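The block underneath contains the structure these notes are about, expressed in structure tokens.
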Amino acid sequence: MGYVGWIGTYEGSRDPTKVHRMNSQIVEELLSLGAVLFCKVPRSRHELFWRRTDHARNCHRRAFLRRCWYAREAALRATASAKIVTQLGETVNNIIGTTLNPMNQLLSCGGSSGGEGALQALRGSSVGLGTDIGGSVRIPAAFCGTYSIKPTHNRLSYRDVANTNPGQDPYASSVGVMGTTIDAIRLVITSVLSTSPWLRDPNVVKMPWNSEAETSTLARANADGSASGVPLKIGIYWTDGVVTPQPPVVRGLRIIRDLIQDLKHKIVDWEPPSQTTAKRIHLAFLKADGAHDIHQQLNLSGEPLVPPLRASFQLRDPIPLLEYQDLTIQGKTYCEAYNDYWNSTSNDDGQIVDAVVMPAAPHAAVIPGQFYHTSYTESINLMDYSAVIIPVTKADKSVDTFDHHYQQLNEVDRKNWEACGWIMHLCDHSDQLTKLSKATPRLTMARLWGCKSSLASGRRRRFGQSLRFSTRRFETGASRHLYR
């Protein structure tokens, strides 16, 4: 975490038995597997690479380290970056300010694991860890053009990982993996699970990597991604009905739809229960303690809240216990309704949707301060589904034209649409912005414990380039059964 009061301490504690001596469990697991940590960030996020023995791979490692050296200033800034709290969608703190997108420094790198996302965009890191309670490993990957997975909570160990408001357990954050390739992410997850983390962390579900589920998913597509046997059935979520995705995102979704159809897999429009309900419940839990945990950390140094959070996270009374319990019931009811909808997708042909392709956000990378709507990622946290980010394309001002006649749905939709117009306007005055470096990713969603199916869907070549679990950039994936 990016708290000033945590500098030189162990999460604010000056206990000499912990400061610079204690790692989280997942870091110890990576070290035991031969991972080499070469930098550490103030959110228990670590960038790593694997020890390799053959000459060719050592040459690759030397080239990798040279890139790290040439990018050292940007990398140091990126790895020092972590947000004070995790509900902003950007990376801002009082230590270094705002971390920007290395592909275009007029845009945000996303957050809150934006330091890792920026470093990977520079290829200063091949794979790293982050934590996600509302989109923190997905948004940076989406904005920076890399890959990431948010597993179901307690798929990977959270023991001794730094966290905001760790007592908020009904909808807790997950340890996720970010990488420059989907294979790097798979390597980390399968390797960590091979160490049986549930033996050291009683909260981790005892569930080894399910190779059978992965293999059966891969078998449904040929090497070129075309359907083999029973085709995959993919839902596409075009809009949440509150904030309409901007033109680059819509184009990314259409690219995926067309490719899936060309490959003879099935497509259905995804129309689940309103994500507005999910966001309302999820946000209420994040604020349930009245921001007491956040202010306790701020008071260690006397630092203020960063400006974007001052209105939302002022210190106040926690919500009453009965209200908290009622929110828990509302969340359970929403998850049941969403699950029932997912099961209903088999009514027409007897086949349930395998995964859902949806925007990671209603836009590509934004101008800092113009991320207005986080519902596309927050709703997935409420349901605790697994989600994978894969790059699809980049925003292009010559193709993604601004529709001046669009009728906004509400005030937030208006602000989101006008932000698109501002970016397109800036493109006319900046060669740097002509390319926009706005990745258009896809979020692929699968259900609880579905990380195997989500990653598997992204590993078929053309289905992988087009769909990498319906894979490319404005795609976010949530697989159906996260614990696979």
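Any read-out appearing in this document is the output of simple, stated calculations on the displayed coordinates, not a laboratory observation. Here the structure is a predicted model, which means the values were calculated and not measured. Ideal geometry is used to build each Cβ from the backbone, glycine not excepted, and the neighbour counts take in all protein chains shown.
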> For the pair His20 and Ser228, how long in nm is the line joining their label points, each one 7 Å along Cα→Cβ?
Replying inline: 5.3
> What spacing in nm lies between the two simple spin-label points modelled at Asp183 and Arg254, each 7 Å away from Cα in the Cβ direction?
Replying inline: 3.4
> By average Cβ neighbour count within 10 Å, what is the ranking of 272-284, 176-188 from highest down?
Replying inline: 176-188, 272-284
> On average, how much area does the Cα convex hull of the stretch 367-406 cover when viewed from any direction, in nm²?
Replying inline: 4.8
> By count of other Cβ within 10 Å, fewest leading, how are Leu31, Leu327 ordered?
Replying inline: Leu31, Leu327
>> Full-extension gain between Leu321 and Asn347, please, as 0.36 nm times their residue separation minus the C-alpha to C-alpha distance.
In response: 5.3 nm
> So how do Lys397, Lys18, Lys150 line up by other beta-carbon neighbours within 10 Å, fewest first?
Replying inline: Lys18, Lys397, Lys150
>> Show me, for the stretch 356-370, the HN-Hα J-couplings you get by feeding each phi into the Karplus relation (A = 6.51, B = -1.76, C = 1.60, θ = phi - 60°), rounded to Hz, glycine and proline as x.
In response: 10, 9, 8, x, 6, 7, x, 7, 7, 4, 10, 5, x, x, 10
> Using the Cα gyration tensor of the stretch 102-207, with a ≥ b ≥ c the square roots of its eigenvalues, what is the shape: rounded (a/c below 1.5), prolate (a/b larger than b/c) or oblate (neither)?
Replying inline: oblate
> Taking a label point 7 Å from the Cα of Ser312 along the Cα→Cβ vector, which residues of the stretch 358-390 have an amide N closer than 11 Å to it?
Replying inline: 371-375, 378
